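The next block holds one structure in the form of structure tokens; read it before the comments.
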Amino acid sequence: MSQQIVVAECRDGQLRRVTLEAIAAAKGCMADGDRLAVVLPLGGAAAAADARAAEALAQCGVDEVIVVDHPVLGRYAPDTHVAALLAAACVHAPKARWWLGHTAIGRDLAPRLAARLGAGQISDAIAAARGGDGRIAFARALHAGKALEQRAFLSDAPTVVTVRPGNFPPAEALAGDAAPIRLVPFDPPESRIVVRDIVRRLTGTVDLAEARIVVAGGRGVKDAAGFGPLAELAALLGGAVGASRGACDAGYCDYALQIGQTGKTVTPDLYIACGISGAVQHLAGMSRSRVIVAINKDPDAPIFAVADYGIVGDLFDVVPALIAELSTVR
């Protein structure tokens, strides 16, 4: 019997979708007799919304929800959060397999946790499965999605895994009794990090990393105002706005919107690239989108090589036409 532990992550009191995807990934790698637990760090008793997240997790077919509750966890700091996870680890066998979302927090926590546990690490997994020999095989996308790297670990080898959002079906609530919720005492260490202030950059109502539809703009939008029609189209579709590094470097939008090798990696159901040439650095962040629509005036733009549908035309003509058409069917 081995242990699977998923680290839950909340944002603004809402459980992130990638946590449910990590639960599904862990379930797909379990053998008979394995146990699955979820660890939820909470920031004190005032975090009532996060407490409701624990109740939701308990309905997802897990064996246990472990809550580590302390006011210092209300603001993310790597040293205190790692200590909280290690406190939860004492509840289970030391050779557990840990699962985290490949988010800003997950990417920061995973190597720290792996180093403290003496575990191997797999980052940005897009597939995971148990083989007939009992080994767990993981796959990662390389070179803008043109190649896959596969690695296999013994089923009982301690491993820390981050999963890319949008690549696993999310776990759903199951009928029946909820899993027990256990509160683990936590005495936080003295932190070497002092958080003076948090400045939030609002990029829209939909989380770009987990959006099912993304409308992205490149240098072809010409200026900051050019993102207005893209934001309108994204709002009509219930999606998020993204950007290429070229658009960010030109000052058209905030770097929080950047998609690519040095930005966010997204895997939406629909990706609409507007005025994006398709440099390999950008493709690294979006080439695994399920459907790609490219809008560009240049018929030889590299983005058309990866697009499922291409529109050769001026985005300032095409995007308003799409908005007008979508407005009539809503």
Handout entry: Inter-centroid distance (Cα atoms) of the range 280-323 relative to the range 88-151, Å
Key = 32
Problem - 5 angstrom amide H check on residue 161, placed H, neighbours 5+ away - result: 98, 99, 100, 122
Problem - Angle in degrees between helix 48-57 and the longest Cα principal axis of the chain, rounded to the nearest 10 - result: 80
Practice task
Convert each backbone phi in the range 213-219 into a coupling constant with the Karplus relation 6.51 cos²θ - 1.76 cosθ + 1.60 (shift: θ = phi - 60°), then list the ³J(HN,Hα) values in order as whole Hz, x for Gly and Pro.
Solution key: 10, 10, 10, 10, x, x, 4
Handout entry: the chain, dipole about Cα centre (Lys/Arg Cβ +1, Asp/Glu Cβ -1), debye to the nearest 20
Key = 540
Practice task
Treating only the Cβ atoms of Lys and Arg (+1) and Asp and Glu (-1) as charged, compute the dipole magnitude of the range 208-329 about its Cα centre; round to the nearest 20 debye.
Solution key: 300
Problem - Between 0 and 90°, nearest 10: helix 78-89 axis offset from the chain longest Cα axis - result: 50
Completion exercise
In terms of the charge dipole of the chain, which places +1 on Lys and Arg and -1 on Asp and Glu at the beta carbon, the residue among 238, 286, 132 farthest towards the positive end is 132
Handout entry: the range 208-329 shape via C-alpha gyration tensor axes, a/c threshold 1.5
Key = rounded
Practice task
Give the angle, between 0 and 90 degrees and rounded to the nearest 10, that separates the Cα long axis of helix 227-237 from the longest principal axis of the Cα atoms of the chain.
Solution key: 60
Practice task
Would you compute, from DSSP H runs of 4+ residues alone, the mean residue ellipticity of the chain at 222 nm, taking -39500 (n - 2.57) per run and dividing by the full residue count, rounded to the nearest 500?
Solution key: -7500 deg cm²/dmol
Practice task
Work out the count of Lys pairs in the chain where the Cα-Cα distance is under 23 Å, with the pair 8 or more places apart or on different chains.
Solution key: 4
Fill in the blank from the handout: With +1 on the Cβ of every Lys and Arg and -1 on the Cβ of every Asp and Glu, the dipole magnitude of the range 3-184 about its Cα centre, in debye rounded to the nearest 20, is 520
Exercise for the section: Quick one: what are the phi-derived ³J(HN,Hα) couplings along the range 305-316, Karplus 6.51/-1.76/1.60 with θ = phi - 60°, whole Hz, x for glycine and proline? Expected result: 5, 10, 6, 7, 9, x, 10, 8, x, 6, 4, 6
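Just so you know, all these numbers are worked out from the coordinates, no wet-lab data involved. Just so you know, these numbers come straight off a predicted model, no measurement behind them. Heads up, the Cβs are rebuilt from the backbone with ideal geometry, glycines too, and the neighbour counts pull from every protein chain shown.
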